[in-house]
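Okay, so here's the structure we're looking at.
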Amino acid sequence: MLEKALRILVVLLALMVSACASANEAQPGNRIIYGLTLQPSGFDPHIHASSELGIPLRSVYDTLVYRDPTTGEFVAGLASSWTVSADGLSYTFSLKQNVKFHDGTMFNAQAVAANLDRIVNPETGSQKAAALLGTFASYEIVDDYTIRLILSQPYSPLLDSLSQVYLGMASPTALNQYSNERYQFNQVGTGPFRFVEYVPGDRLVIRRNPDYAWGPAFYTAPTAESVDEIEFRFFTDTATRALALEGGDAQIMGELLPIDARALAVSQEIELLPVSVPGQPLQFLLNTSIAPTNDLSVRRALILATNREAIIDAVFQRFSPVAWAPIAASTAFYNASLAGAYDYDPGQARSLLGTAGLVDSDNNGYLDANGADLTLNMLVPPWGLIPDVAQLIQDQWREVGIRVELETVPTRSALIEQVNEGAYNLVAFYDFGEDPAFLNRYFSSDGTNNWSRVADAELDRVLTDALTQADPANRAALYAEAQRIIMDQALVLPIRDYVNLNAAQSTVHNLTFDAYGWFPLLNNVTVSGG
């Protein structure tokens, strides 16, 4: 009996110790709540494409290289160094040693290979990562800590791609253990924070990795004030975001309403942190394949009839600059000479519409086509204050005789479905990235997102050359020319360069963002009064 009682006591003590350890781990010293503003369809960076997933996962995964957030230059990540062949067809990476994934698996060339295999496997269904690899064809494992990536043709944006969270390195052990569907709930990287849990619609939690010692140079060493655990919660209702900050339900929040950000700008308890996001501006792509936007004069008239300054005032509270080009001014190779092009000029807009043969024959205030009021169809997704912008454009174009029918589409998939049907004149959409290689997807004749339905041989040549040139000066010249052609052909109506309105409580310090604008450098964040 005594022996049995002793065994029971040992078990109980073990359970008590385990419970205490779990409680200590579940309540780290410095814990904050970070407000996410979108519930993505999924959180696997190899599969899914949202910017939102990168906000927590940038700290779970390391990438082979990084862009320095201050200089924009490429710096060592999991690769300590790299070389590019003279013909641009192979990239050889020397990998850091003694790096461990959060599950104890060693990082090496075989791990990189396993990640590449997963990303390019059609069964994975990658929405972004596979495309970022461009002309990647194969790899060669030179030794345990050297891997060579082979390209079918030169692809200058490769280093930029490899620095993005979508190509973050995941543990091969975890990838083998979990299906593609389950891995997003059991993610394992090498980053400064390890993945704890993801409960769809409720929370995602990450916790500091105490063994992390191989980060990029711009990561600072942890201190007693460093954040230990971050719980991400979803604030999909824009009206609740500022209230959550003010009430202490979140310590950090992104994508605040501009009107709320204006009010918070004078707060002593909250710091406003606007961040310019490189990539495409909020824009409307004009469909060149159907009337009347198949007429260049009409497309130019629509841009001239848009009072973008008024939109910036009313919708964005002057936090965002007016956009003049198909890429934002904060993006590499921006063509600054386009600033001021197509400035608001309703008189010239009316003249161009007249040149296109559009007149108000029944004097009802709207131009006619084929004996009826001319009506343009605009596809309007719900994010990024696009509905507010579309409403103002509808009002502004009424002044020059253009009737616009706004067709609301609730989701990204519904938008793509409508675009594929082709029955639209304009569609609002934008993409992000530091390298303007994304222009090829939108404006090449065979681009996957060629929603302008453009087919221009000269533009195709320029965009293709820009992908293969290694010299940054040559790429800058080519992308400047591409932007000029796009705007000369009036393929897009740019509205505003994207600025993410972040804010944090005054107890949060050192919150900065990476070179891509969206993703916080959580490793460096500290809190006072924790």
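The values are calculated or read from the model by the stated rules, or taken from the named source; none is laboratory data. Note that the structure is predicted; figures quoted are calculated from it, not measured. Please note: Cβ atoms are built from the backbone with ideal geometry, for glycine as well, and neighbour counts cover all protein chains shown. Side chains are part of the model used for accessible areas, which takes the heavy atoms of the whole protein and leaves out ligands, DNA and RNA. Shrake-Rupley method; radii C 1.70, N 1.55, O 1.52, S 1.80 Å.
Quick notes on this structure:
- Pairs with Cβ under 6 Å, 6+ apart, first in region 398-414 and in contact (Cβ under 8 Å) with a residue 12 or more places away in the chain, second of a type in the set (Val, Ile, Thr) and surrounded by fewer than 16 Cβ atoms within 10 Å (Cβ to Cβ): 403/375; 405/375
- Close pairs (8 angstrom Cβ cut-off, 6 or more residues apart or separate chains): without any contact (Cβ under 8 Å) to a residue 40 or more places away in the chain in region 264-288, buried (at least 20 other Cβ atoms within 10 Å of the Cβ) and part of a strand (DSSP E or B) anywhere: none
- Only one of the listed residues (151, 64, 132, 78) is at negative phi, without any contact (Cβ under 8 Å) to a residue 60 or more places away in the chain, open to solvent by less than 50 Å² (accessible area, probe 1.4 Å) and in contact with a Leu (Cβ under 9 Å, 6 or more places away or on another chain). That residue is 132.
- Residues satisfying the stated conditions in region 192-240, i.e. outside any helix (DSSP H, G or I) and among the hydroxyl-bearing types (Ser, Thr, Tyr): 198, 212, 219, 220, 223, 226, 236
- From the list 465, 471, the one residue that fits, being free of Cβ contacts under 8 Å to residues at least 12 places away in the same chain and either open to solvent by less than 30 Å² (accessible area, probe 1.4 Å) or over 30 Å from residue 317 (Cα atoms) (or both), is 471.
- Test: residue 399 is modelled with pLDDT of 95 or more, over 25 Å from the mean Cα position of the chain (by Cα) and surrounded by fewer than 18 Cβ atoms within 10 Å (Cβ to Cβ): yes
- Positions within region 289-317 being open to solvent by 20 Å² or more (accessible area, probe 1.4 Å), of a type outside the set (A, V, I, L, M), assigned to a loop (DSSP other than H, G, I, E, B) and under 21 Å from residue 372 (Cα atoms), in sequence order: 289, 294, 295
- Yes/no for residue 69 being under 30 Å from residue 245 (Cα atoms), in contact (Cβ under 8 Å) with a residue 12 or more places away in the chain, out of contact with any Gly (no Cβ under 8 Å at 6 or more places or on another chain) and open to solvent by less than 30 Å² (accessible area, probe 1.4 Å): no
- Any hit, region 224-233, residues being at pLDDT below 95, surrounded by fewer than 22 Cβ atoms within 10 Å (Cβ to Cβ) and within 20 Å of the chain's Cα centre (by Cα): no
- Whichever residue in region 102-112 is under 15 Å from residue 62 (Cα atoms) and touching a strand residue (DSSP E or B) at 6+ places or on another chain (Cβ under 8 Å) and, among such residues, is most open to solvent (accessible area, probe 1.4 Å): 106
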